[in-house]
Amino acid sequence: MQPEPATDSAEQAQIDRVIDGLLNGLQWRASVFHAGQYCGRWRASTAGRARASFHLILDGRCWLHLPGQPSVALAPRDGVFLARDVPHFISPYADPDMACSPRPMRPFEGAAGLGETALACGFFNFEGPMRGLVADALPDHLVLRGQDHAMGGAAMLFDLMRAEAQRAGTEPTAVMDRLVGLLFFYGLRHLAQGDARARGIWSLLRRPGFAPLVAELLREPGRNWSVADMAARVCLSRATFFRQFAEACGQPPQQFLLLLRMQLAARRLAQGEAIGQVAEAVGYESYAAFSRAFKRVMGEQPGAWQRASARG
C-alpha cells in the first residue's frame, strides 16, 4: 500500500471540517454495563454478546489480550473500543496464559490501590445513513491513549466519568452513557484525522482533491451532481474517479451522495423543518421522489420518521 501523502495545515483543517460534517448526523448511543474496580486474579470481557463494546480505564493498570496479537498495556485514561464482537479479555497480567477468572466488581472508591484496576465497561452503537461507511472504516479494536496530545480534550471526560463512578458505586447512570458517547466521538474523529489504520471513507479524504469535493457535497447537497461533475472537481477521468472512489469508500459516488443527502435530510427533519423544504434542500423537486429515497435508506416515510424522532 502506498503511504498517504502529507497534508499541510490548511488541508488538514479542511479534512477536519469534512470529518465533523460526516459524523454530525450520526446518532450515538452507549450504555455502561458496569463500573467499579477489580482486584486479585481477575479478568473481564464483553465478547460473545454480538455487540460493539468498550472498556475505559479509570484508574490502575491492566492488559488487553486478543488472540494471535501482542498484549496491549493499558493505563489510566486509556480506552478500548471494539467495533465488532471479537474474542478478547482484559486482565492485570501481561501474560495472557496467567490463570485468572471473572471476579465480582467492587464499588470504585476514587483511587485504585496496589494491584487494583477501576474500569467502566459496556456497549455502544450508532445509527444513521452513513453508519455502514463509518463502521467499515473502523478497525476491529481502537485503543485511545490518554497521554496522546490529540486526545487532550477527552481527559476531562475521563475525569467526569471517574467522579460519576465514584458517586454511583457499581450502578451505571445515564450521565456515564452520555460521557462514553462523547469519548467515542473523540476517538472516531482522532482515527479519521490521520491514524495509520484509517481506511474506507477516511482514507479517501486524504487523496488529493477528494476532501474539497466532499466539502462541496456537504455545502450543496441540492445541486444536480453527476459523476462527471464530481470527477472534474478532483481532476480525474470519470472512469478513474469512479474506480478510486468505490475502491476506497466501498460505495459508488452516487450511492455515497444518496446516503449523504439522507443523513442531512434526517438531521433537518429532526430539527422540525418542513418535509417539502428539506426535500428541496437535498436536491429533490418532487415530494414523492424524496419520500421514496428516504424510505429506501431510512426504512420509513419522512413524516413517520419525523414524528418518531420528535417523540424520542
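Here, each number is a calculation from the coordinates, and none is a lab measurement. Everything numeric in this text was worked out from a predicted model, so none of it was measured. All Cβ positions, glycine included, derive from the backbone under ideal geometry; neighbour counts span all protein chains shown.
Values for this structure:
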item: Net charge contributed by nearby residues that have their C-beta within less than 10 Å of residue 65 (K/R +1, D/E -1); result: -1
item: Sequence-separation-based contact order of the range 207-311, relative, with Cα cut under 8 Å and 6+ spacing, percent; result: 24 percent
item: For residue 115, net neighbour charge (Lys/Arg +1, Asp/Glu -1) across residues whose Cβ lies under 15 Å away; result: +2
item: 222 nm mean residue ellipticity, helices alone, for the chain (DSSP H n ≥ 4; -39,500 (n - 2.57); rounded to 500); result: -13000 deg cm²/dmol
item: Globularity ratio of the chain, using Cα Rg and 2.2 N^0.38 Å; result: 1.11
item: Förster radius 51 Å - calculated FRET efficiency between residue 12 and residue 84 (Cβ-Cβ, nearest 0.05); result: 0.95
item: Kirkwood Rh and Cα Rg combined as Rg over Rh, evaluated for the range 26-192; result: 0.94
item: Local electrostatic count, residue 147, Cβ distance below 11 Å [Lys/Arg +1, Asp/Glu -1]; result: 0
item: Check: the chain dipole with +1 on Lys, Arg Cβ and -1 on Asp, Glu Cβ, in debye; result: 660 debye
